[in-house]
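Below you'll find the structure, written out as C-alpha coordinates, and then a few comments.
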Amino acid sequence: MTVKELIATKGKDVVSIEADSTVEDAIRAMNHRKISALIVTEDGKTAGIFTERDVVRSYVASDGNPFNVMLVRETMTKDLIVAEPDDELCDTMSVMVQEGIRHLPVSSNGKIIGMLSIRDIVQTQIGSLRAEIHHLKDYITGRH
(Lines give C-alpha, C1' and ligand atoms only; values in the text may rest on other atoms or scores of the structure.)
Protein backbone atom coordinates (compact mmCIF):
# COMPACT_ATOMS: atom_id res chain seq x y z
CA MET A 1 0.00 0.00 0.00
CA THR A 2 1.17 3.52 -0.74
CA VAL A 3 0.97 6.70 1.30
CA LYS A 4 -1.62 8.18 -1.09
CA GLU A 5 -3.86 5.13 -0.63
CA LEU A 6 -3.75 5.53 3.15
CA ILE A 7 -4.33 9.28 2.91
CA ALA A 8 -7.37 8.60 0.69
CA THR A 9 -8.95 6.41 3.40
CA LYS A 10 -7.75 8.43 6.41
CA GLY A 11 -8.44 11.88 5.05
CA LYS A 12 -6.29 14.84 4.12
CA ASP A 13 -7.05 17.04 7.09
CA VAL A 14 -3.93 19.05 7.95
CA VAL A 15 -4.10 21.28 11.00
CA SER A 16 -1.65 24.15 11.10
CA ILE A 17 -0.65 26.99 13.37
CA GLU A 18 1.31 30.17 12.76
CA ALA A 19 4.91 30.27 13.97
CA ASP A 20 4.17 33.44 16.00
CA SER A 21 1.46 31.65 18.01
CA THR A 22 2.18 30.77 21.60
CA VAL A 23 2.93 27.27 22.80
CA GLU A 24 -0.27 27.53 24.85
CA ASP A 25 -2.21 28.20 21.62
CA ALA A 26 -0.65 25.12 20.06
CA ILE A 27 -1.45 22.94 23.09
CA ARG A 28 -5.04 24.15 23.07
CA ALA A 29 -5.38 23.52 19.33
CA MET A 30 -4.01 19.98 19.67
CA ASN A 31 -6.29 19.28 22.63
CA HIS A 32 -9.35 20.71 20.86
CA ARG A 33 -8.73 18.66 17.69
CA LYS A 34 -7.57 15.57 19.65
CA ILE A 35 -4.33 15.42 17.68
CA SER A 36 -0.71 15.42 18.71
CA ALA A 37 1.01 17.33 15.90
CA LEU A 38 0.51 20.59 14.03
CA ILE A 39 2.13 21.89 10.88
CA VAL A 40 3.73 25.27 11.59
CA THR A 41 3.38 27.93 8.91
CA GLU A 42 5.01 31.28 8.37
CA ASP A 43 4.08 33.70 5.59
CA GLY A 44 1.90 30.99 4.05
CA LYS A 45 4.74 28.47 3.84
CA THR A 46 5.54 25.42 5.91
CA ALA A 47 8.11 26.30 8.57
CA GLY A 48 8.12 23.13 10.68
CA ILE A 49 6.10 20.82 12.86
CA PHE A 50 5.03 21.14 16.49
CA THR A 51 4.33 17.90 18.37
CA GLU A 52 3.71 16.68 21.89
CA ARG A 53 7.45 16.09 22.17
CA ASP A 54 8.02 19.76 21.40
CA VAL A 55 5.70 20.61 24.30
CA VAL A 56 7.94 18.58 26.62
CA ARG A 57 11.11 20.14 25.18
CA SER A 58 9.65 23.63 25.52
CA TYR A 59 8.77 22.96 29.16
CA VAL A 60 12.30 21.78 29.95
CA ALA A 61 13.84 24.76 28.14
CA SER A 62 11.36 27.30 29.50
CA ASP A 63 13.34 28.50 32.54
CA GLY A 64 10.01 29.08 34.24
CA ASN A 65 8.44 31.04 31.40
CA PRO A 66 4.76 30.19 31.00
CA PHE A 67 3.50 28.61 27.79
CA ASN A 68 1.46 31.72 27.01
CA VAL A 69 4.62 33.76 26.36
CA MET A 70 6.69 31.12 24.55
CA LEU A 71 6.39 31.15 20.78
CA VAL A 72 5.93 28.04 18.66
CA ARG A 73 8.79 29.20 16.41
CA GLU A 74 11.17 28.88 19.37
CA THR A 75 10.32 25.25 20.10
CA MET A 76 9.07 23.70 16.86
CA THR A 77 10.98 21.09 14.90
CA LYS A 78 12.31 22.89 11.85
CA ASP A 79 13.92 20.09 9.86
CA LEU A 80 10.93 18.28 8.43
CA ILE A 81 11.13 14.72 7.27
CA VAL A 82 8.26 14.12 4.84
CA ALA A 83 6.68 11.30 2.91
CA GLU A 84 5.67 11.50 -0.73
CA PRO A 85 2.33 10.16 -1.98
CA ASP A 86 3.90 7.31 -3.96
CA ASP A 87 6.05 6.07 -1.05
CA GLU A 88 5.30 2.55 0.15
CA LEU A 89 3.95 2.36 3.70
CA CYS A 90 6.55 -0.20 4.77
CA ASP A 91 9.32 2.21 3.69
CA THR A 92 7.57 5.10 5.44
CA MET A 93 7.28 3.09 8.63
CA SER A 94 10.98 2.23 8.46
CA VAL A 95 11.90 5.91 8.15
CA MET A 96 9.71 6.81 11.13
CA VAL A 97 11.28 4.08 13.27
CA GLN A 98 14.84 4.94 12.20
CA GLU A 99 14.33 8.65 12.82
CA GLY A 100 12.37 8.17 16.06
CA ILE A 101 9.40 10.19 14.87
CA ARG A 102 5.69 9.54 15.33
CA HIS A 103 4.24 12.06 12.86
CA LEU A 104 5.10 12.40 9.22
CA PRO A 105 3.77 15.14 6.96
CA VAL A 106 2.95 14.10 3.41
CA SER A 107 4.26 16.48 0.77
CA SER A 108 3.33 16.80 -2.88
CA ASN A 109 4.92 19.46 -5.07
CA GLY A 110 6.27 21.20 -1.98
CA LYS A 111 2.87 21.44 -0.29
CA ILE A 112 1.77 19.49 2.79
CA ILE A 113 -1.27 17.47 1.76
CA GLY A 114 -1.68 15.18 4.74
CA MET A 115 -0.28 13.94 8.02
CA LEU A 116 0.43 10.36 8.99
CA SER A 117 0.99 9.04 12.47
CA ILE A 118 2.79 5.84 13.31
CA ARG A 119 -0.57 4.61 14.62
CA ASP A 120 -2.17 5.12 11.19
CA ILE A 121 0.53 3.04 9.55
CA VAL A 122 0.59 0.29 12.18
CA GLN A 123 -3.21 -0.08 12.08
CA THR A 124 -3.12 -0.34 8.29
CA GLN A 125 -0.30 -2.88 8.34
CA ILE A 126 -2.10 -4.97 10.98
CA GLY A 127 -5.24 -4.98 8.85
CA SER A 128 -3.24 -6.14 5.84
CA LEU A 129 -1.57 -8.88 7.88
CA ARG A 130 -4.91 -10.10 9.23
CA ALA A 131 -6.32 -10.33 5.71
CA GLU A 132 -3.23 -12.21 4.53
CA ILE A 133 -3.44 -14.65 7.46
CA HIS A 134 -7.12 -15.24 6.71
CA HIS A 135 -6.36 -16.00 3.05
CA LEU A 136 -3.47 -18.29 3.98
CA LYS A 137 -5.65 -20.23 6.43
CA ASP A 138 -8.31 -20.62 3.74
CA TYR A 139 -5.68 -21.80 1.28
CA ILE A 140 -4.18 -24.32 3.71
CA THR A 141 -7.57 -25.74 4.67
CA GLY A 142 -8.73 -25.84 1.05
CA ARG A 143 -11.47 -23.21 1.49
CA HIS A 144 -10.38 -20.92 -1.31
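Table for the structure above
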{"read-out": "Criterion: surrounded by 18 or more Cβ atoms within 10 Å (Cβ to Cβ) and among the small types (Gly, Ala, Ser) - qualifying residue of ALA29, ALA37", "value": "ALA37"}
{"read-out": "Any pair with Cβ under 9 angstrom, 6 or more apart, that starts in the stretch 38-59 at a residue that is farther than 16 Å from MET115 by Cα and ends at one that is acidic (Asp, Glu) and assigned to a strand (DSSP E or B)", "value": "GLU42/GLU18"}
{"read-out": "Selection count, the stretch 83-103, where residues are among the hydrophobic types (A, V, I, L, M, F, W, C), surrounded by fewer than 14 Cβ atoms within 10 Å (Cβ to Cβ) and under 14 Å from the mean Cα position of the chain (by Cα)", "value": "1"}
{"read-out": "Hits in the stretch 64-82 (condition: crowded, with 17+ Cβ neighbours inside 10 Å and farther than 19 Å from GLU42 by Cα)", "value": "PHE67"}
{"read-out": "Test: residue in the stretch 114-130 that is of a type in the set (S, T, N, Q) and modelled with pLDDT of 90 or more", "value": "yes"}
{"read-out": "The stretch 12-33 residues that are within 18 Å of SER62 (Cβ to Cβ), paired with ones that are among the basic types (Lys, Arg) and surrounded by 15 or more Cβ atoms within 10 Å (Cβ to Cβ) (beta carbon under 7 Å, 6 or more apart)", "value": "ALA19/ARG73; ASP20/ARG73"}
{"read-out": "Filter result for HIS144 (in contact with an Asp or Glu (Cβ under 8 Å, 6 or more places away or on another chain) and at pLDDT below 90)", "value": "yes"}
{"read-out": "Search result, residues across the stretch 13-50 that are among the β-branched types (Val, Ile, Thr) and either under 13 Å from the mean Cα position of the chain (by Cα) or over 12 Å from PRO105 (Cβ atoms) (or both)", "value": "VAL14, VAL15, ILE17, THR22, VAL23, ILE27, ILE35, ILE39, VAL40, ILE49"}
{"read-out": "Among the candidates ARG57, ARG28, residue that is outside any loop (DSSP other than H, G, I, E, B), in contact with a helix residue (DSSP H, G or I) (Cβ under 8 Å, 6 or more places away or on another chain) and basic (Lys, Arg)", "value": "ARG57"}
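The values are calculated or read from the model by the stated rules, or taken from the named source; none is laboratory data. As the structure is a prediction and not an experimental result, all values here were calculated from the model. We place every Cβ from the backbone using ideal geometry, glycine too, and count neighbours over all the protein chains shown.
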